[in-house]
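Have a look at the structure below before the remarks.
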Amino acid sequence: MNTGIPLQYFLILAAIMFFVGIYGFLTRRNLITILMSVELILNSVNINFLAFNRYLFPHKMEGLFFSLFVIGVAAAEAAVAIAIIINIYRRFATINVEDVNEMKY
Amino acid sequence: MTINQVMFVLFSVMIIVFSVLTVTSRRILRAAVYLLFVLVSTAGLYFMLNFQFLAAVQLTLYAGGIVVLIIFSILLTSHISQKFEPVGWKKSLFSALAAMAGAIITIITILDFKFSATAEAAREIDMRLIGKSLLSVEYDGYVLPFEVISILLIAAMVAAIVIAKKGGPKKTETQTL
């Protein structure tokens, strides 16, 4: 198995990736880049699930299946989000979150 | 240093550097390509953890599907040469402070916690076992989440088609009036 790499290294790596995603979520102003930050966050959570599964409970498969389902949810979320973004672009001709401030049409 | 450690350091450096570039790059298409690099290095980490199936799913679904979808929508909605204006220093500073505070607290907690592994023998996870567990209703089966995710996927597909359909309700309203 993984010789010489403690579990904590994986968790710290995932934590850094998660908070880089949070930083992007807070600073970005374009809807697509916000979506990309959300993908980073979801991905870091997957690393956590898999590291826990491999190091702490190697006889079970929960981590594997939940990462699989997280990937499925991320794909569905990306499809719907991009449909919404393209619709917003059609109505407002921009996808900057500060210019899109009305829901009524 | 063993080859494992070298690979781990390589992948983590790639993930961290390209994640930071993804959220700070001012050209949107480049940000998407950096995201692709992050996802591919994550697939490498999955291979290191010995989850071959999930690494393959990551490569095909994330690096193949979602990134292509994102790049398509970038090409549909913005000019390739367009550059974002830089983020205001106030917002940048406070966001970085919030993110770093969260990261430091999390890392301290991780280093402080005593993880205890089970003594049970590791199980070899092959494709046959994954397929059987996914459709089994026994103790180790995951058929309920599988069904839930299939309903979610079909709902998302229908919703995406309905939302992105051409012709807004505005036009039909004026026609009926």
Legend entry - Scan of the range A:47-105 for residues that are more than 29 Å from B:Phe84 (Cβ to Cβ), surrounded by fewer than 16 Cβ atoms within 10 Å (Cβ to Cβ) and in contact with a Ser or Thr (Cβ under 8 Å, 6 or more places away or on another chain), ordered by number: A:Leu56, A:His59
Inset, instruction - Examine the range B:45-57 for a residue that is in a helix (DSSP H, G or I) and in contact (Cβ under 8 Å) with a residue 40 or more places away in the chain, and state whether such a residue exists. - result: yes
Legend entry - Subset tally (residues that are modelled with pLDDT under 75, part of a loop (DSSP other than H, G, I, E, B) and within 11 Å of another protein chain (Cβ to nearest Cβ)) for the range B:134-177: 3
Inset, instruction - Considering every residue within the range B:75-94, establish whether at least one is touching a Leu at 6+ places or on another chain (Cβ under 6 Å) and assigned to a helix (DSSP H, G or I). - result: no
Inset, instruction - Would you check if B:Leu97 is over 22 Å from A:Ser67 (Cα atoms), without any contact (Cβ under 8 Å) to a residue 24 or more places away in the chain and facing chain A (nearest Cβ under 9 Å)? - result: no
Inset, instruction - Can you confirm whether the range A:40-57 contains a residue that is over 16 Å from B:Leu45 (Cβ atoms), more than 7 Å from every other protein chain (Cβ to nearest Cβ) and not β-branched (Val, Ile, Thr)? - result: no
Inset, instruction - Please indicate, with yes or no, whether at least one residue in the range A:4-12 is in contact (Cβ under 8 Å) with a residue 24 or more places away in the chain and within 7 Å of another protein chain (Cβ to nearest Cβ). - result: yes
Inset, instruction - For B:Phe146, work out the one condition from (1) closer than 29 Å to A:Ile12 by Cα; (2) surrounded by 12 or more Cβ atoms within 10 Å (Cβ to Cβ); (3) aromatic (Phe, Trp, Tyr) it doesn't fulfil. - result: (1)
Inset, instruction - Tell me, yes or no, whether the range B:105-114 has at least one residue that is surrounded by 16 or more Cβ atoms within 10 Å (Cβ to Cβ), modelled with pLDDT under 90 and either more than 7 Å from chain A (Cβ to nearest Cβ) or more than 28 Å from A:Ile84 (Cβ to Cβ) (or both). - result: no
Legend entry - Flag if B:Val23 is under 19 Å from A:Leu35 (Cα atoms), surrounded by 14 or more Cβ atoms within 10 Å (Cβ to Cβ), touching a Gly at 6+ places or on another chain (Cβ under 8 Å) and at the interface with another protein chain (Cβ under 9 Å from one of its Cβ atoms): yes
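The values are calculated or read from the model by the stated rules, or taken from the named source; none is laboratory data. Here the structure is a predicted model, which means the values were calculated and not measured. Positions of Cβ are generated from backbone atoms using ideal geometry, with glycine treated the same way; all protein chains shown enter the neighbour counts.
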